[in-house]
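Asks: First the structure, which I've put down as structure tokens, then a few questions once you've had a look.
The values are calculated or read from the model by the stated rules, or taken from the named source; none is laboratory data. Predicted model, so just to flag it, every value in this text is computed and none were measured. As a convention, Cβ positions derive from the backbone with ideal geometry for all residues, glycine included, and neighbour counts pool all protein chains shown.
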Amino acid sequence: MSMRSKQKKKFSFINLILYIILGLWGITTVFPFVWVINNSFKPSREVINSSFSLPIEFTFENYANAFDNLNILVAYKNSFIISGSVTIAVMIIASMMAFAMTRYKFRGKEFINSLIIASLMFPVFSTIIPVFRMMSQANLLNKPLSVILPQVAGNLSFATVVLMGFLRGLPLEMEEAAYMEGAGVRQVFTRIIIPLSKPALSTVAIFCFLWSYNDLFTQLIMIRRRIKYPVCALLNEISSKYGTDYGLMASSITIIIIPVLIVYIFLQKNIIKGLTAGALKG
């Protein structure tokens, strides 16, 4: 009994230390969001004088200016068109690639698998010049497709690796039974593989959407017309054009991060479940 009580005390003390560390990390993560939201309700002069205090003069003027002068809603539409298209395209292509890589044997399979893994090590900065030339020659600059295509290519390797890890852990008995009943490859893929892969597909969709939404670099390179700006590119313009209006900047940042917060709050279980399943079963 004494040994068990000592072990319980030891484990509880370790857990206490972990909780303290995680609590401090959580505070440092959440504090910038709270600070920005708090300053978004202050006039610019008050932000400069007392940025860490509660608003003395509570105002919605910054949000009114953001919607009236900066075309936030148009930028939202552009962002959702780009990020939604990237997410759907990556899910479709990556799921088919993962199905082929995990269910079929063909010549050059190991080489293709190595290329998929190796492509994860190349950042977007290393390929942006040839990609820009390709988009220019195809007359796609300043169009959503000039951002969608590079982002699809950039997210495809990650999505394929996650889905491959998940599919390797799925039992083959259901697929074999379907083939014996006369089902074709398309039916097996759409009626068995896709429904069983919902956790991994949810993870892929969430990460692809967020990465596309926050990809300022590709957006600035490919899109130069203000009316075509996604939200992140518009925020960059705010910081340069309205650099002294800190209240407007804070309100604009708050408006821009709302979709990201909503995705994380409501879909965080899917993120953890999908990554864990892929990691354990891969």
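Asks: Here are some conditions: (1) of a type in the set (Val, Ile, Thr); (2) farther than 24 Å from Asn71 by Cα; (3) in contact with a Ser or Thr (Cβ under 7 Å, 6 or more places away or on another chain). Ile148 meets all but one. Which one does it not meet?
Replies: That leaves (2) as the condition not met.
Asks: Taking the options Ile265, Ile192, Ile206, name whichever one is part of a helix (DSSP H, G or I), under 22 Å from Ala94 (Cβ atoms) and without any contact (Cβ under 8 Å) to a residue 60 or more places away in the chain.
Replies: None of the others qualify; the one that does is Ile192.
Asks: Condition (residue is buried (at least 19 other Cβ atoms within 10 Å of the Cβ) and either under 18 Å from Thr190 (Cα atoms) or over 16 Å from the mean Cα position of the chain (by Cα) (or both)) applied to segment 135-142: is it met by at least one residue?
Replies: Yes, because at least one residue in segment 135-142 is buried (at least 19 other Cβ atoms within 10 Å of the Cβ) and either under 18 Å from Thr190 (Cα atoms) or over 16 Å from the mean Cα position of the chain (by Cα) (or both).
Asks: If you scan segment 68-103, which residues turn out to be touching a residue at least 12 places away in the same chain (Cβ under 8 Å), over 16 Å from Tyr213 (Cβ atoms) and of a type in the set (A, V, I, L, M, F, W, C)?
Replies: Leu70, Ile93, Ala94, Met96, Met97, Ala98, Phe99, Met101
Asks: Any chance you could count how many residues in segment 104-136 are within 15 Å of Val162 (Cα to Cα) and in contact (Cβ under 8 Å) with a residue 60 or more places away in the chain?
Replies: So the count comes out to 0.
Asks: Residues to consider are Ala64, Ala89, Ala100; find the one that is at pLDDT 80 or above, under 20 Å from the mean Cα position of the chain (by Cα) and either part of a helix (DSSP H, G or I) or among the charged types (D, E, K, R) (or both).
Replies: Ala89
Asks: Continuing with this model, one more query. Does segment 15-54 hold any residues that are in a loop (DSSP other than H, G, I, E, B) and more than 15 Å from Leu248 (Cβ to Cβ), and which are they?
Replies: Ser50, Phe52, Ser53, Leu54
Asks: If I ask for residues that are under 20 Å from Ala159 (Cβ atoms) and either aromatic (Phe, Trp, Tyr) or not assigned by TED's automatic domain parsing to the domain that holds Thr160 (or both), which ones from segment 112-148 would you list?
Replies: Result: Phe122, single match.
Asks: Need pairs with beta-carbon distance below 7 Å; first residue over 15 Å from Asp68 (Cβ atoms) and within segment 238-259, second hydroxyl-bearing (Ser, Thr, Tyr) and at pLDDT 80 or above; sequence gap 6+ or separate chains.
Replies: Cβ pairs passing all conditions: Ala250/Ser40; Thr254/Ser40; Pro259/Tyr213.
Asks: When you scan segment 22-71, how many residues do you find that are out of contact with any Phe, Trp or Tyr (no Cβ under 9 Å at 6 or more places or on another chain), among the aliphatic types (A, V, I, L, M) and surrounded by 13 or more Cβ atoms within 10 Å (Cβ to Cβ)?
Replies: Result for segment 22-71: 3.
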